[in-house]
Structure formats: structure tokens, C-alpha cells
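Working notes, structure below.
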Amino acid sequence: MWKPVLTSVLAIGLAAGLTACRGEEDDGGDALTKQEFIEQGDELCTQLNDDIADAFAEFDEDTSYEETQAMTRDTIMPLFEEFIDDMRALEAPAGDEELAALLDDLEAGGERAAEVVEMSEEDAAAAGDPFGEVDTAAQEYGFKVCGSDSNADA
């Protein structure tokens, strides 16, 4: 049961559900257009999806829930934090409040995911996807990779 729990709730939520966020305040630099931001954000999501798939590649039905928790806490969560930093480094379109809201929701999802990692197997199964609403918002914003379920079998 652990694999559907952490893979679905955390890995898929982190990998497929990751979305865009706002950049630093406009310092007069060249802000990306919305389309450029989406393209670069999707590239970062693709890289994160690949990294998470690689992390889970050696796991199988015999891997314990505790081993999965440790890998998620020690490997996946730091990858997620690095992803957020990389997205923030992009120069977001100035004044894009929808994009800013996606960041807030994404970070909240990351906090919920960190809590789920520490839960018992039963509680984690009941917790649901911490990124569900962010996934939808990312797709509505225009992302193709971020927020998609293209890696649902990862």
C-alpha cells in the first residue's frame, strides 16, 4: 500500500503538480513574457519529473514504507526546494497576480507534502494530494508539463 500512498500523494504531487511561481521584484531587467515563463517553467518541471522518476526507479513492491518515507524526505523534498529556487530565479512577467498566487499555493502544497511524509501509512493515504488544486490552476494558466498528470505512473 505504501507505493500508491507516497508515489501518488507525494511524488506525483511534487513532480506532475509542480507549477510556476513569481520571480523577484522587477529591478528593471528583462522580464519574460507569459509564454516564455511557461516554456522555461515547463522545462524545469520536466527536469524535476525526471529526477523524481530516477529516485523511485530502484523501488519496488518490497520497498518498505519507512524506506520510501526516508527517500522522499531526504531526496524528493530537497529536489522540490531546488525547483522552487530555480523557478524564482526566472524573471516573471511584472504584475502577474495569477502567477504570484500559484507560487503561494505551491509553497502551501509543499508544506502539506512535508507533513504527509511524516504521517503513518494509513494517515498519508487519507491525506490526499497536497497539490491537487495547484495542478488545476497551473493547467488553466497555460502550463503543459507543470500540473499535468503525464508522470502519473512514475
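The values are calculated or read from the model by the stated rules, or taken from the named source; none is laboratory data. Given the structure is predicted, the values throughout are model-derived calculations rather than measurements. Glycine gets a Cβ as well: all are built from the backbone with ideal geometry, and neighbour counts include every protein chain shown.
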- Query: So which residues in the stretch 85-96 are closer than 19 Å to ASP42 by Cα, free of Cβ contacts under 8 Å to residues at least 60 places away in the same chain and exposed (fewer than 14 other Cβ atoms within 10 Å of the Cβ)?
  - Reply: ASP85
- Wholly inside the stretch 52-129, helices (runs of 4 or more DSSP H) that include 2 or more residues that are in contact with a Lys or Arg (Cβ under 7 Å, 6 or more places away or on another chain) and of a type outside the set (S, T, N, Q) are 97-117
- For the stretch 49-108, enumerate the residues that are closer than 18 Å to ASP135 by Cβ and of a type in the set (Val, Ile, Thr). ILE52, ILE76, ILE84
- Within the stretch 98-152, considering residues that are free of Cβ contacts under 8 Å to residues at least 40 places away in the same chain, over 18 Å from ILE84 (Cβ atoms) and surrounded by 15 or more Cβ atoms within 10 Å (Cβ to Cβ), the one farthest from the chain's Cα centre (by Cα): MET119
- Answer yes or no as to whether THR46 is of a type in the set (Val, Ile, Thr), farther than 21 Å from GLU115 by Cβ, assigned to a helix (DSSP H, G or I) and modelled with pLDDT of 50 or more. yes
- List the pairs whose first member sits in the stretch 70-84 and is more than 11 Å from LEU48 (Cα to Cα), whose second member is surrounded by 15 or more Cβ atoms within 10 Å (Cβ to Cβ) and aromatic (Phe, Trp, Tyr), and whose Cβ atoms are under 9 Å apart, counting only residues at least 6 apart or on separate chains? MET71/PHE56; MET71/PHE59
